[in-house]
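Here the structure comes first, spelled out in structure tokens, and everything after it is commentary.
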């Protein structure tokens, strides 16, 4: 095998393990209406329900123990490269954080896009820590790979129903 072919194979395997191909179409028959976002916390998966008995499934990071929430919300805002103002609870745990981290800054945990929710200070957003995807990592927000939140962002609008299950 040539060095070039080997490098391509290693590169593709790195993309896969980094989650660049993290979404897939899967059967889905949980009774949710098309256009609904369903988050299954125990699976660390987000489903965007389609109208044909399927859903797009994305790997996500969810709230760590004691920071999770369950129930329903609605998307109440859509933001591209959002700035981040750490909530009070995060600031208590990390007092050296600035008041605002500009959108697009490498230390901004919101990533490329954010869908804010009408429940508390929660959002479905990208991340600057892709290795956290698939884990219990946040203060209650749902983290996605930046490529995945950009995909989902284009498919949902303000008012989209979000259901968070155990």
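Being assigned to a loop (DSSP other than H, G, I, E, B) and more than 19 Å from residue 87 (Cβ to Cβ) is the filter here; which residues of the stretch 122-147 pass it? Within the stretch 122-147, 133, 134, 135, 145 qualify. Hey, any hits in the stretch 66-77 for a residue that's surrounded by fewer than 12 Cβ atoms within 10 Å (Cβ to Cβ) and part of a loop (DSSP other than H, G, I, E, B)? Yes, some residue in the stretch 66-77 is surrounded by fewer than 12 Cβ atoms within 10 Å (Cβ to Cβ) and part of a loop (DSSP other than H, G, I, E, B). Scanning the stretch 1-28 for residues that are over 23 Å from residue 124 (Cα atoms) and either assigned to a helix (DSSP H, G or I) or at pLDDT 50 or above (or both) returns 3, 4, 5, 6, 7, 8, 9, 10, 11, 12, 13, 14.
Could you list, in sequence order, the residues of the stretch 52-65 that are out of contact with any helix residue (DSSP H, G or I) (no Cβ under 6 Å at 6 or more places or on another chain) and surrounded by 12 or more Cβ atoms within 10 Å (Cβ to Cβ)? Correct list: 54, 55, 56, 57, 59, 60, 63, 64. Scanning the stretch 124-155 for residues that are without any contact (Cβ under 8 Å) to a residue 40 or more places away in the chain, buried (at least 16 other Cβ atoms within 10 Å of the Cβ) and in contact with a strand residue (DSSP E or B) (Cβ under 7 Å, 6 or more places away or on another chain) returns 126, 149. For residue 33, indicate whether it is out of contact with any helix residue (DSSP H, G or I) (no Cβ under 7 Å at 6 or more places or on another chain) and at pLDDT 85 or above. Against the criterion (out of contact with any helix residue (DSSP H, G or I) (no Cβ under 7 Å at 6 or more places or on another chain) and at pLDDT 85 or above), residue 33 qualifies. When residues in the stretch 112-121 are screened for being in a loop (DSSP other than H, G, I, E, B) and within 11 Å of the chain's Cα centre (by Cα), 1 of them pass. What do you reckon, is residue 150 modelled with pLDDT of 95 or more and in a loop (DSSP other than H, G, I, E, B)? In short, no. Residues in the stretch 80-99: is at least one modelled with pLDDT of 95 or more, touching a strand residue (DSSP E or B) at 6+ places or on another chain (Cβ under 9 Å), surrounded by fewer than 20 Cβ atoms within 10 Å (Cβ to Cβ) and assigned to a strand (DSSP E or B)? The answer is yes; a qualifying residue exists. Taking the stretch 38-93 as the range and being on the phi > 0 side of the Ramachandran plot and without any contact (Cβ under 8 Å) to a residue 60 or more places away in the chain as the test, the residues that pass are 53, 66, 81.
The values are calculated or read from the model by the stated rules, or taken from the named source; none is laboratory data. All figures in this text were calculated on a predicted structure; none of them were measured in a lab. So basically every Cβ, Gly included, is an ideal-geometry build from the backbone, and we count neighbours across all protein chains shown.
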